[in-house]
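Here's the structure, in structure tokens; my notes come after.
The values are calculated or read from the model by the stated rules, or taken from the named source; none is laboratory data. Values in this document were obtained by computation on a predicted structure and should not be read as measured data. As a convention, Cβ positions derive from the backbone with ideal geometry for all residues, glycine included, and neighbour counts pool all protein chains shown. To get the accessible areas, we keep the full protein, side chains included, count just its heavy atoms, and leave off ligands, DNA and RNA. Shrake-Rupley method; radii C 1.70, N 1.55, O 1.52, S 1.80 Å.
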Amino acid sequence: MFEHILSVMIFLPLLVGVALLILPVSKNGVRILGLAVAVVVLVCGLKVYADYSGGGGLEFVEKLNWIEGLGISYHVGVDGISLFVLMAAAVLFPMVFMLFTAKSKAYYCNLLIALGAMVGAIAAADLVVFYIFWEIMLLPIFFIIGLYGGENRIAATIKITIYTIAGSLCMLAALVYVAVAHHTQTGVWSFEIARMASLELQGGFAVAAFVGMMLAFGIKIPLFPLHTWLPEAYTEAPYSTTFILSAIMAKIGVYGVIRLVVPVFEVEMARYAIILAYCGVIGLMYCGIAAIAQKDFKRMLAFSSASHMGIIALGIFCMNVQALTGTLFQIVAHATSTGILFLFLGILEERTETRHIDDLGGVAYKAPVFATFFAIAMLASCGLPGTSGFIGEFLIILGAVKFNMVIAVLAGTSVVIGVCYMLWLFQRVFFEEANSKTANFKDLSAYETLVFLPVIILILVMGIYPQPFIAKIEPAAQKHILQMATQDNPQLAERLDESGLLKLTND
Amino acid sequence: MTDLLLLLPVLIITSGAILLMLLAAFENVRDEIACFGAMVIFLFGFCMQLFGLGQGDARIFSGVFNEMLVGNSFTAVAGLIITACGFFTCLSSHTYFKQNRFITSEYYALTAFAASGMMLLTMAQELITAFISLEIMSLAIYVLVGMHRRNIKATEAVLKYLMLGAFAGGFFAMGSALMYGGTGSTKFAEIAGFISANGFFASSILVVGAFFILVALLFKIAAFPFHAWVVDVYDGAAMPVTGFMATALKTAVFAVFANFLILDGGLQASWVEYLFYIAVFTMFGGNLIAIGQNSLKRMLAASGIVHSGYLLIALVAFTSRDFTANVIVFYLAAYAVATMGMFAALSYLSGEDEQRITFDDFRGLAKVRPFSAAAISIFLLSMAGIPPTVGFMGKFYIIVNAINAGQVLLAVLAIVSSVISMWYYLRLIITMYFHEARDDFAVAKSPLAQATTFFLVFCVFALSLLPVSV
């Protein structure tokens, strides 16, 4: 089983999800089985994390020839870049089965299919395999929002689907272009992701392919100005799905940029990084300001999540080791803070039956445990020192300083916006007078406390003692940057300083 | 022996058709028996075609037929698609005619005749053979389209199709004559040889002849600007007949088109510039028509035009003989599986006298018949080219082939067209899933169309794993 551990993590949820859709199993039965599958994936994920040696290359590799004529194979593996995204998915997923009850069993089946597809996209080492799982990822989300969403669910589901599919199809053309370029340059057909890094792409088509790929990932992240689908989709989706969208799927967009775009299009990336970095910063500010204005707390958090994704994206475009390490760290930190907040708000709405911020008040006096947990996750989301959010954002801004001072200053100051709306939300919901809606607010039950406790501990541990995590990330980030810079790219290699860091400042 | 094996499927289907026609003369032969007879014939033909698959390249009985027919893996796979489509059409017809009572026993004989014409067409290596097989196919299809004589829409459909089809046939005959006048031969290979020796524009008669033949073929595949008939004709014909036309007929005509243009003929380079525009206009014209439709049949007809556009891309973007041929035939199979599945599903879901045919009629289908709705969704996703379906692999190969041939723009336009087409495919899924049901979706007792639908769902996934050789 251990030599096929990734395949188990991919196909067990997929197959169980489809089988449960067909078989006549009760809703609770499906929920328990779904939880069992998610726990199996979690155990496999922990095993992968424990056994990961950190050598730099792909580990746990499985390869099975599929379309030999075109060099396409079922090829999966994990390296330092994908490990943390994989862990975020595996660790957080069981929570969605534990917390909310769904309207029908199909909801849980769709979640399982989404889990399998996400693990598949993260572990894929072949372009076609990646693309297939990337697209499958969307289908359950389409059905979940359409079937179980709020009032405007159909508009929201059409919007997210058309946006994402348009992006994906652009990516399809781009990745076929890359593979064909590989064939023309080497004479060998291959769709292996690692091989594409050695390509020398030039000319208008290369830029077009770069744009095509960035569109697909930019929509998924979402990067300003491609974020317009997000408020509707995040608001209309059920809380546990918004949680998955924000905590895991958005991260796969970031991961896709790091894995596919940066190594393959290193020249284009170096040329356009500044524009993309500005997109990230503008997204950070714009969505932050939009969040302040929201009256609906789910919509506010949706904007907040998009705002923080801006800074994560910024970390990639700085293209140095600190920023990349920060981005990978922040992927987990954002998932455990902003992602978890969606679950807390789900509980809040379930108990007060409103999403209107001004209708609430005094929750902290009624539910101290809930308020404490919420506060910790919230402060981590704001990037308070001592929490996981601080380490990630600090590293990213550190990297940004090396990249471009203006951007670093803008990013550094914009983080304050996040503090504004979060603290204001906290004040209006948790302090002030309790009213009729919150008078009978029940605190977290022992069961719920147990579900959330590991994540809260993780936030604090990652914030106070981040060294073990960074030790796993940094070598991979360093290798990624070095490989990108030195491999057949003299322009970038010249800018390397003695410590192996890139100097891309204003020249 | 090889020659016989390669020819055997056509012989089986043709003699089966004659046998069915004779049987239909007896009054006490029930339609059901004719239906099962046709199924057996198609299945037998399919199995024989499978044996012929590995037999390699051969000019069938070149002494007797004077190199009129060819058998190779391309024609064999096309033959497999056609026989399979024939088989599934019989299955869905069985259910369909439980709810729509206008069948006569000749129906199945005509289906078999049409199939035999199609199979011959895929093998044709010269113009007169192609013309004859085209007419065998078309005449049978005309009758099938107008089978429901008392229905005004069917009458309209057959009239339109017959008139325009006759013109197309005339164009083809005239084109063949001019081609012969220009090159001194009707054989694809010799025409190709003449063109490569003297250049395409050496003889003006040749150019006009080729133009006429292209017009006829473009008409048959419903490419721009000869696509207008297809929506009305598909709409008027009975569900299984529409399915048969959309899949088997398109396969056959595309096979001869590919043979004539690139595989055995040498016209491709001279026409590529024009076909480029035709492909683009076909994709976008089809999309424009499909977006406005409220009837599923009309939407599927228009989406068939779009798929013709994708196939034309493969004809324009010629890389290597084997790869392009494989890409075309794979896409045809992918399209056939999904379209056949759609029409099989509609054959039983449309109910008595095709009462449910608009988008709105399928409101809330997922609540009442979850499996049927899931099957339809899978077919639609396959047509839209979403993984992990066979439709995605087909589109993927088309794009690889196009970019590999340097037609990047065409690949990008195909992708833009796919994004547009998401609208009408998603629309049906949304109608089926996200609205409440108003109908009880009562269907006929015969389970054959259901069985076909679910078998084809399996095929959508199974075929996607099938690797294509380069």
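For helix A:127-148, report the angle its Cα long axis makes with the longest principal axis of the Cα atoms of chain A; keep it between 0 and 90° and round to the nearest 10°.
It works out to around 20 degrees.
Using a 7 Å offset from the Cα along the Cα-to-Cβ direction at both residue A:372 and residue B:360, what is the distance between the two label points in nm, to one decimal?
5.9
Inside 10 Å of the C-beta atoms of B:395-405, what's the mean count of C-beta atoms belonging to other chains?
Other-chain Cβ atoms within 10 Å of each residue's Cβ, averaged: 5.
When all protein chains stay in place, what accessible area (Å², nearest 10, 1.4 Å probe) is found for residue A:200?
Only protein atoms counted, so the area is about 110 Å².
If you count, for each residue, the other Cβ atoms within 10 Å and average over each peptide, how do B:253-262, A:255-264, B:87-96 line up from highest to lowest?
B:87-96, B:253-262, A:255-264
For chain B, what does the helix formula give at 222 nm: sum of -39500 (n - 2.57) over DSSP H segments with n ≥ 4, over the residue count, nearest 500 deg cm²/dmol?
-25000 deg cm²/dmol
If one computes the Cα centroid of region A:54-116 and of region B:334-411, what distance in Å separates the two points?
27
Tell me which of A:73, A:154, A:467 sits at the most positive position along the dipole axis of chain A, charges placed on C-beta atoms (Lys, Arg +1; Asp, Glu -1).
Most positive-ward Cα: A:154.
How much of the accessible area of region A:271-507, in percent, comes from carbon and sulfur atoms when a 1.4 Å probe is used?
65
Could you state how much accessible area is buried at the A-B interface, both sides summed, with a 1.4 Å probe, in Å² to the nearest 100?
The buried area between A and B, both sides summed, comes to about 3000 Å².
Students sometimes get this wrong: rank B:149, B:356 by accessible area, probe 1.4 Å, all chains present, largest first.
Descending accessible area places them as B:149, B:356.
Order the following by accessible area, largest value first: B:400, B:272. Probe radius 1.4 Å; ligands, DNA and RNA are ignored.
So, going from the largest accessible area down, we get B:272, B:400.
Magnitude of the Cβ-charge dipole of region B:128-237, K/R +1 and D/E -1, about the Cα centre, nearest 20 debye?
Computed charge dipole of region B:128-237: roughly 200 debye.
Between residue B:437 and residue A:23, how high is the FRET efficiency from 1/(1 + (r/R0)^6) when r is the Cβ-Cβ distance and R₀ = 22 Å? Nearest 0.05.
0.45
Roughly how many percent of the accessible protein surface of region A:13-105 is carbon and sulfur, given a 1.4 Å probe and a whole-percent answer?
Whole-percent figure for carbon plus sulfur exposure: 69.
In the protein assembly as shown, with Lys and Arg counted as +1 and Asp and Glu as -1 at Cβ, which of these residues, B:464, B:54, B:435, has the Cα nearest the positive end of the dipole, that is, farthest along it?
Positive-most Cα among the choices belongs to B:435.
Given B:422, B:274, B:158, which one lies farthest toward the positive end of the charge dipole of chain B, if we put +1 on the Cβ of every Lys and Arg and -1 on the Cβ of every Asp and Glu?
The Cα lying farthest towards the positive end belongs to B:422.
Tell me, what % of the accessible area of region B:91-178 is carbon and sulfur with a 1.4 angstrom probe?
Carbon and sulfur together cover 74 percent of it.
In whole percent, what relative contact order does chain A give with Cα contacts below 8 Å and a gap of six or more residues?
RCO, chain A: 14 percent.
About its Cα centre, what dipole magnitude does the protein assembly as shown give when the only charges are +1 on Lys and Arg Cβ and -1 on Asp and Glu Cβ, stated in debye to the nearest 20?
1380
Could you rank B:57, A:51 by how accessible they are, 1.4 Å probe, largest area first?
B:57, A:51
Starting from 0.36 nm per residue, how many nanometres of slack lie between residue A:207 and residue A:295 once their C-alpha separation is accounted for?
Stretched out fully, the residue A:207 to residue A:295 stretch lengthens by 27.6 nm.
What distance in nm lies between label points placed 7 Å from Cα along the C-beta direction at residue B:57 and residue B:291?
So the two model labels end up 4.4 nm from each other.
What's the average, rounded to a whole number, of partner chain beta-carbon atoms within 10 Å of each residue's beta-carbon in A:155-168?
The per-residue average across the peptide is 3.
What accessible area per residue comes out for region A:10-169, rounded to a whole number of Å², with a 1.4 Å probe?
Result: 31 Å² per residue.
Keeping all protein chains in place, calculate the accessible area per residue for region B:2-465 (probe 1.4 angstrom), answer in Å².
33
Considering amide H positions built from the backbone, and no H for Pro or chain starts, which residues 5 or more places from residue A:444, or on another chain, come under 5 Å of its amide H?
Here A:369, A:370 satisfy the definition.
Express in nm, to one decimal, how much length is gained between residue B:198 and residue B:27 on full extension, taking 0.36 nm for each residue of separation and deducting their alpha carbon distance.
Net length gain for the segment: 55.6 nm.
For residue A:445, what accessible surface area do you get with a 1.4 Å probe? Give it in Å², rounded to 10.
50
Name the residues whose placed amide hydrogens come within less than 5 Å of the amide hydrogen of residue A:66, ignoring near sequence neighbours (fewer than 5 apart) on the same chain.
Under 5 Å from the amide H of residue A:66: A:72, A:73, A:74.
I want to check the label-to-label distance for residue B:368 and residue A:198. Put each point 7 Å from Cα in the C-beta direction and report it in nm to one decimal.
About 6.0 nm, to one decimal.
Along region A:251-264, what does the Karplus equation 6.51 cos²θ - 1.76 cosθ + 1.60 (θ = phi - 60°) give for ³J(HN,Hα), rounded to whole Hz, x for Gly and Pro?
So the Karplus estimates, Gly and Pro as x, are 5, 5, x, 4, 4, x, 4, 5, 7, 9, 7, 4, x, 7 Hz.
Give the angle, between 0 and 90 degrees and rounded to the nearest 10, that separates the Cα long axis of helix A:368-382 from the longest principal axis of the Cα atoms of chain A.
Once rounded, the angle reads 30 degrees.
In region A:66-80, what residues drop by 40 Å² or more of accessible area when the other protein chains are put back, versus the chain on its own? Use 1.4 Å, and skip ligands and nucleic acids.
Residues of region A:66-80 that lose at least 40 Å² of accessible area once the other chains are added: A:66, A:67, A:70.
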